[in-house]
Amino acid sequence: MTVMPFRHVSKEALAGSLTLGLVFVTGYFLGRRRSFRMSISKSHCGGDPLLQYVLDNSLREHPVLKKLRQRTMDDPGRGMMVACEQSQFMSNLARLIGTRKALEIGVYTGYNTLNIALALPDDGQLVACDISEEYINIAKPFWKEAGVEKKIDLRLQPALKTLDDLLAAGEAETFDFAFIDADKGNMENYYEKCLQLIRKGGIIAIDNVLWGGKVLDPSPGDPDTVAIDRLNKKLHRDIRVTLSMLTVGDGLTLAVKL
């Protein structure tokens with residue numbers, strides 16, 4: 001593997017890498033005393049006393065976020081929601097790198113979308129990609145109530161088309177932060193296009209990289225697990241980014257573009 005001299009690394013990428021180092025240390029201490037099964041549990045799926053302690057002593061939900069979470073818990077697909085502590089972590093990370101333009105692939109009921117939008121400045125923009133009008137209709141009233149709807153550029157179409165549209169519009173290397181949480185078979189395609197759209201020093205966050213532990217023994221008959229494992233291994237070798245994989249939620253990878 002090629003080693004890149006520090007003199008060839010941009011100031012933005014170096015700052016992002018230092019931030020990622022701090023993030024890794026934080027993630028390590030959050031996860032090191034928990035068993036593997038605990039480390040990949042989601043806060044809203046319950047049952048872990050140590051995780052509940054973390055929530056009791058760190059979670060600061062905006063009132064509308066809390067209402068949206070409670071509404072989402074009534075939905076049969078609630079397991080798709082990003083863990084509360086993970087969403088707060090990414091929101092803080094977006095603030096830390098001064099995010100003005102963000103990208104989210106996979107919205108569901110919009111909990112994480114709202115959290116990131118709240119972290120953006122008044123003139124910030126979050127391009128939100130999804131294909132389910134049913135779930136988006138749950139999200140919209142909460143975005144409006146929180147006063148962030150003008151920051152959210154919703155694209156209700158296949159995400160790959162949206163990413164291609166952004167690239168065609170000349171928006172390469174203009175985004176600060178991207179979050180990938182959609183169909184697993186396209187994760188590698190999403191990553192490659194996000195890498196083009198993200199600026200140097202920007203962060204791509206990828207959800208579900210541990211996939212309930214299935215990545216330990218991917219079955220050829222389980223294409224989602226195979227796709228996740230393949231991307232995990234690709235990222236480990238990718239010299240275009242610096243990397244941390246955290247045991248937060250169902251596993252979260254953070255890649256900083258060099």
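The values are calculated or read from the model by the stated rules, or taken from the named source; none is laboratory data. Since we're looking at a predicted model, the values are computed, not measured. As a convention, Cβ positions derive from the backbone with ideal geometry for all residues, glycine included, and neighbour counts pool all protein chains shown. Each accessible area value is taken on the protein alone, full model and side chains, heavy atoms only, with ligands, DNA and RNA left out. Shrake-Rupley method; radii C 1.70, N 1.55, O 1.52, S 1.80 Å.
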For this session: Take the residues in the stretch 141-159 that are part of a helix (DSSP H, G or I) and in contact with a helix residue (DSSP H, G or I) (Cβ under 7 Å, 6 or more places away or on another chain), then tell me which one is nearest to LYS184 (Cα to Cα).
Result: ALA159
Exercise. Restricting attention to the stretch 205-225, which residues are aliphatic (A, V, I, L, M) and open to solvent by 10 Å² or more (accessible area, probe 1.4 Å)?
Worked result: LEU210, VAL215, LEU216
Exercise. If you take the residues in the stretch 74-88 that are within 18 Å of SER132 (Cβ to Cβ) and charged (D, E, K, R), which one is least open to solvent (accessible area, probe 1.4 Å)?
Worked result: ASP75
Exercise. Here are some residues: LEU96, LEU103. Which one is open to solvent by less than 70 Å² (accessible area, probe 1.4 Å) and modelled with pLDDT of 95 or more?
Worked result: LEU103
Exercise. Of ASP164, ASP176, which residue is charged (D, E, K, R), out of contact with any Pro (no Cβ under 7 Å at 6 or more places or on another chain) and in a helix (DSSP H, G or I)?
Worked result: ASP164
For this session: Hey, can you tell me all the residues within the stretch 226-246 that are open to solvent by less than 50 Å² (accessible area, probe 1.4 Å) and closer than 18 Å to PHE89 by Cα?
Result: SER244, LEU246
For this session: Give the number of residues within the stretch 187-204 that are open to solvent by less than 50 Å² (accessible area, probe 1.4 Å), touching a residue at least 40 places away in the same chain (Cβ under 8 Å), part of a helix (DSSP H, G or I) and touching a helix residue (DSSP H, G or I) at 6+ places or on another chain (Cβ under 9 Å).
Result: 5
Exercise. Quick one: in the stretch 36-73, which of the residues that are among the charged types (D, E, K, R) and modelled with pLDDT of 95 or more is surrounded by the fewest Cβ atoms within 10 Å (Cβ to Cβ)?
Worked result: ARG60
Seminar exercise, completed: Across the stretch 160-186, the tally of residues that are open to solvent by 10 Å² or more (accessible area, probe 1.4 Å) and under 16 Å from the mean Cα position of the chain (by Cα) stands at 6
